[in-house]
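Everything on this sheet refers to the single structure shown next.
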Amino acid sequence: AFHEPLMKLTPLIDTLSGLSVGLYYLIHGYERVVTHEPGMLFHIFVSLLAASVLFLAFAQALGIKLQHYLLKEHLHHPMLKMLPPLMHMETLLFTIIGTGFVLLSLSLLSGYFTMEDWFSANKVPKTLLSWLAWLMFLGILIARVKNGLRGTKAVSLTLLAVGFLFGSYFGTKLILGT
């Protein structure tokens with residue numbers, strides 16, 4: 001019964017996925033991968049996978065925020081019938097964050113071992129924002145286990161952490177042009 005309401009969200013997730021790919025090409029343009037080094041290819045693959053999973057956490061957090069609003073305001077919107085109970089939505093959010101955190105950890109570790117210029121002038125903002133996002137996700141997961149973090153605070157922290165992560169990539173691309 002849990003998966004049925006989630007399956008109804010497939011068109012929304014597909015649309016968001018398509019928009020994110022479109023946004024990437026709009027900002028970044030089409031580039032060919034110019035390396036055949038296995039370590040760098042692994043880093044690129046894991047980084048994209050981590051970003052994709054954590055973007056799903058962003059979408060999930062927005063869904064929880066909407067669901068919380070509709071429930072709090074006693075609005076009987078048809079969207080409420082499509083979504084699983086709020087507790088299931090939050091459990092799924094933390095599962096997605098946990099998966100994304102592992103992938104982001106692999107991305108940062110593989111980047112450390114494959115890139116020599118982590119702290120060059122054009123990579124410092126990207127490096128710092130990526131590690132800040134990693135620390136935030138770590139804090140979210142620890143707070144969930146130790147203090148039972150949930151609700152709007154969990155959603156807000158998730159949105160902020162994903163914002164830092166995407167700022168590390170898209171922000172530095174826009175500002176530095178790298």
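The values are calculated or read from the model by the stated rules, or taken from the named source; none is laboratory data. Predicted model, so just to flag it, every value in this text is computed and none were measured. Cβ: placed from backbone, ideal geometry, glycine included. Neighbour counts: every protein chain shown. Surface accessibility is based on the protein's heavy atoms, side chains included, excluding ligands, DNA and RNA. Shrake-Rupley method; radii C 1.70, N 1.55, O 1.52, S 1.80 Å.
Below, the figures for the structure above:
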{"read-out": "Members of segment 65-84 that are modelled with pLDDT under 80, not in a loop (DSSP other than H, G, I, E, B) and not basic (Lys, Arg)", "value": "MET79, LEU80, MET82"}
{"read-out": "Odd one out for GLU116 among (1) touching a residue at least 40 places away in the same chain (Cβ under 8 Å); (2) open to solvent by 20 Å² or more (accessible area, probe 1.4 Å)", "value": "(1)"}
{"read-out": "Selected residue (criterion: nearest to PHE170 (Cα to Cα)) from residues of segment 41-79 that are open to solvent by less than 40 Å² (accessible area, probe 1.4 Å) and not small (Gly, Ala, Ser)", "value": "LEU54"}
{"read-out": "Number of positions in segment 85-104 that are over 14 Å from LEU141 (Cβ atoms) and assigned to a helix (DSSP H, G or I)", "value": "5"}
{"read-out": "Any chance LEU106 is open to solvent by 30 Å² or more (accessible area, probe 1.4 Å) and at pLDDT below 90", "value": "no"}
